[in-house]
Each structure stands twice: as structure tokens, then as C-alpha cells.
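Below is one structure; the comments refer to it alone.
The values are calculated or read from the model by the stated rules, or taken from the named source; none is laboratory data. It should be emphasised that the depicted structure is a prediction, and the values quoted were computed from it without experimental measurement. Note: ideal-geometry Cβ built from the backbone for every residue, glycine included; neighbour counts use all protein chains shown.
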């Protein structure tokens, strides 16, 4: 590992321009429509709490030595003027609101509730919400509808309710749609402000809706395609729960996963018409049997700077419940080397190399790398990893050839009562890349948030948030003023100097 570390230091220091960039708003899942989790500014130090607030007013804590919260929490969104838009769960069974607070102080600006109804679930899913480039906030409502709120930095703003199948159709049959249609993925917007999301249909509706993917513009004009038609396979019955749509950098293709509730396809759809363009059957790279797609996962596609598509699945052959991070060409026709973890992970992009216009982009992936002690032969050596998707090595846990580990690092805290070397899991589904500080901010079930310095492969900073608690996976992000945000134990922490 020493040689790899020396190599990554050289790349990250010499290729300094790759860490630059503008300061956009944080729009939602993993920051933008490609899900690269790029920080909009240099992160502040992990020194103290600026403020904190609950993201769940009634968390359900399951019994375990340190407790366990099997709930997915949505990513906050942050405007260019540093207003933080926080989805908040307000009841045990999932009523929601959006709280807008000032990023500098955490003081309330406004609050708006929603009548959003959750689809059937195992681990409770988040409120779908997204902030567009045009500074319009969208968040899910009942019956497959979407609410919007303009000028989110102000106490008041233009607002309304839209439906991809027509708001008048919804208003004429509210009860039917509320009972039978639910948005079941995060919302993603393209650069023009069109939004995309998956929805589930549980029963008959006047318009004959089927579970699928919707597109809607800012005026409420919408189209949709069923999951079965998107995959050209009528055994496919739903969009993968919590799978945020990803959009190619040129805006032409929407990537999302569809399933039969157990296995399925990664599909590419035309962003204007939702016509099917590409599809790839999701397979375990070892035995070539269908890979698992779990509704407990919050994995979403990540689009690399070269257009490569990365998506995490569960294994069909023994792999310590780590799953795989599958890799595909932009047209999904060619499968690349997989990563050795992925079932519930959305990888982040760590740049390296020359990023001038016209050059070939080169980059690494940052991935969670847990090795669960309670599954197969897992030893509890839970890591996070920097992976090179173009280089290979022998997998430690199977016969597969996998992406090369450039750097890995263990959680530093032993789990009480577990065998020696068993450390706490990393509770992230996407981790923010602090390019200016050449580091990653990651959250763990030991109750700490860490700065992983990629030039030294050490935790250069850490801050204790709360007591250890097991939980479903949460994001880390950075605001335009460098404030670091982490969710742990149902609480959003604003951290900095």
C-alpha cells in the first residue's frame, strides 16, 4: 500500500487544477445530476458544531447493543445564498416537511409541510426533494404529485402543486391517486429544470398508470414510461426503491434501475421523450447470475467524467454481503471491471490528471468498503476506499478481478464485544469530496465524522457527534461557505472552524 500511497500523492499534488471549480448550490442526492459529490467550496475544519437540528422528530430505534435506526434520510439542499433546505420526518410512520434554515446560524427562514405518502417499504425511505439550477425547490406530494417553491431564500415565494399525469386529472380523482400512486425515488433535475423520478402504482387509476419513470417540466407538462417498457421486459414491475435518476453530462440520457423487486436492469432513456436507448442486465460478475436489487438500498448511478456509469448491486454468489460496484460504458453495452463493494453505495468522483477541454478525464472513485462481520466470512474490517476503475487486482473475497485499491482506511474504533479487529461500519451512501483540501468527509456508526486526507491516507481530523448507533446510510456534504454537514443519529450537524 505504501507504493500506491506515494503514487496518489503525486497525482493529487501535480494535478492541482483538477481540484478547482465554481461554487454551485448543492442540489440534492450527491450534489448534482451526475452524482459526483463534488464540494462547492473548500471545507472548513472539523473543529466544532455551528448548529444542529433533527431530521427526524420521531425516529424508530430498533434494539441492538448500541441501537439501530433503519431509516434513510434525504440529503439537504443548499442555495447559492447559503439557505439550507432540510427534509424533516415529523412522525414515526413518515409525515414530512421542508425546513429552510440559514446556513450560517441554523435559524429558521420558513417551513412547509407536505401530504406525501410513503410507498410500501422495509427500511423507511426519505422524502424525495431536489433544488434545480433555476433555484426552484421540488418535493414529493401525495398521489404522485410534486410541490414546488420558488425563491427559497425568502420567507415567501411562489408555490404550487404539479402532476406528471396532469394536475386536473389528479384533482378530479384525488382519493384514487393518493391510494395508488407514490413517488419512490429521489428527484433529479437537468440543467433546464426538467425533473425526473420513479413512481410506484399499487392499483388501478383512471389513466391506467403503471409503475415507472416520469419527466416533468416547470409548467407541469409531463410524460412517463412504465418500468417494463423501459427495460423491454414485462417481468419488470418497478423502479428500484431510492434509486435517484442520474443524467449524462450532455443532458441527453437518463440512467435509472428498474426491477422485478429482486433483480433487474440499469436502463438509459432519452431525456426528452423517455424512449428506451440502452439497457444492461445486472449480473453478479463471478457467477454471471442475476444480481440482487434490494429496496433497502439507496444506491444510485454515478456518471464519471468520461461518461462511464457506476451502479451498486447485491451479489448472488458469496461475497460477505458486500455486493458489487458494476461499471458500464455510456451505452451500457460494455461492462468494465467491477468494484468489490456496492450494494447500497453511490460512489463519489475523485479527480486526477489533466482536466483541460479536449483532454481525456482521469479519475478515481471513492467508495464505502464495509466487510460485515455478521455475513458469510466477514471479519468486521470496515473500510472506505479510493479505487482506480481502469486498473485491476485480485479480489480479497472472491475469484473476481476488481478495481484496484489505491488507498483504503479502517474505521479506527473497535466495536465492543466483537472479535479483535472488528470496527464500526461506515454509515454513508454518498460522501462529499473536498477537492480543495484533497480529502473526503465520511460518516461512521461510531458517532464520528472524519476528514480522510488523501495525500497521507490518514484521518487528519475527526469530530465526535454522538454515541455509536447503527443506522441506514446517510450523506455528507459541504455548503458554499465551507460548512460541513453530516447526519448521524437522526440529527443534522453543521460543522466548521
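Checking the conditions here, which among 411, 395 is crowded, with 22+ Cβ neighbours inside 10 Å, touching a strand residue (DSSP E or B) at 6+ places or on another chain (Cβ under 7 Å) and free of Cβ contacts under 8 Å to residues at least 60 places away in the same chain?
After applying the criteria, what remains is 411.
Surrounded by 16 or more Cβ atoms within 10 Å (Cβ to Cβ), at positive phi and in contact with a strand residue (DSSP E or B) (Cβ under 9 Å, 6 or more places away or on another chain), is that true of residue 141?
no
Which of the residues belonging to the stretch 123-143 are assigned to a loop (DSSP other than H, G, I, E, B) and more than 18 Å from the chain's Cα centre (by Cα)?
Within the stretch 123-143, 133, 134, 135, 136, 141 meet the criteria.
Checking residue 177 against (1) farther than 17 Å from residue 148 by Cα; (2) part of a strand (DSSP E or B), which test does it fail?
So residue 177 meets the others, but not (2).
For the stretch 376-383, state whether one or more residues are over 24 Å from residue 68 (Cβ atoms) and touching a strand residue (DSSP E or B) at 6+ places or on another chain (Cβ under 6 Å).
no
Given the conditions (1) farther than 19 Å from residue 198 by Cβ; (2) surrounded by fewer than 16 Cβ atoms within 10 Å (Cβ to Cβ), and given that residue 97 satisfies all but one, which numbered condition is not satisfied?
Going through (1) farther than 19 Å from residue 198 by Cβ; (2) surrounded by fewer than 16 Cβ atoms within 10 Å (Cβ to Cβ) one by one, residue 97 breaks only (2).
Report, ordered by the first and then the second residue, all pairs with beta carbons closer than 9 Å, sequence separation of six or more or different chains, a first member in the stretch 443-465 that is in contact (Cβ under 8 Å) with a residue 24 or more places away in the chain and at positive phi, and a second member that is surrounded by fewer than 18 Cβ atoms within 10 Å (Cβ to Cβ) and assigned to a strand (DSSP E or B).
447/464; 457/408
Could you tell me which of the residues 369, 364 is farther than 26 Å from residue 73 by Cβ, surrounded by 22 or more Cβ atoms within 10 Å (Cβ to Cβ), touching a strand residue (DSSP E or B) at 6+ places or on another chain (Cβ under 7 Å) and at pLDDT 95 or above?
364
Within the stretch 182-285, considering only strands (runs of 3 or more DSSP E) that don't extend past its boundaries, which have at least 2 residues that are under 17 Å from the mean Cα position of the chain (by Cα) and surrounded by fewer than 20 Cβ atoms within 10 Å (Cβ to Cβ)?
Qualifying strands (runs of 3 or more DSSP E): none found.
Out of (1) closer than 16 Å to residue 214 by Cα; (2) in a helix (DSSP H, G or I), the odd one out for residue 161 is which?
(2)
Would you please name the residue that is farthest from residue 349 (Cα to Cα), looking only at residues in the stretch 454-468 that are in a strand (DSSP E or B) and in contact with a strand residue (DSSP E or B) (Cβ under 7 Å, 6 or more places away or on another chain)?
464
Hey, can you tell me all the residues within the stretch 347-361 that are farther than 21 Å from residue 400 by Cα and either part of a loop (DSSP other than H, G, I, E, B) or at pLDDT 95 or above (or both)?
348, 349, 350, 353, 354, 355, 356, 357, 358, 359, 360, 361 - these are the residues of the stretch 347-361 that are farther than 21 Å from residue 400 by Cα and either part of a loop (DSSP other than H, G, I, E, B) or at pLDDT 95 or above (or both).
How many residues does the stretch 47-82 contain that are in contact (Cβ under 8 Å) with a residue 40 or more places away in the chain and either closer than 20 Å to residue 117 by Cα or surrounded by 23 or more Cβ atoms within 10 Å (Cβ to Cβ) (or both)?
So the answer is 14.
Where the second residue is surrounded by fewer than 17 Cβ atoms within 10 Å (Cβ to Cβ) and the first is without any contact (Cβ under 8 Å) to a residue 12 or more places away in the chain and lies in the stretch 206-223, which pairs have Cβ atoms under 6 Å and are six or more apart or on separate chains?
So the pair list comes out empty.
Which of the residues spanning the stretch 414-427 are free of Cβ contacts under 8 Å to residues at least 40 places away in the same chain and outside any loop (DSSP other than H, G, I, E, B)?
414 - this is the single residue of the stretch 414-427 that is free of Cβ contacts under 8 Å to residues at least 40 places away in the same chain and outside any loop (DSSP other than H, G, I, E, B).
In the stretch 76-91, how many are in contact with a strand residue (DSSP E or B) (Cβ under 9 Å, 6 or more places away or on another chain) and over 15 Å from residue 491 (Cβ atoms)?
The total comes to 6.
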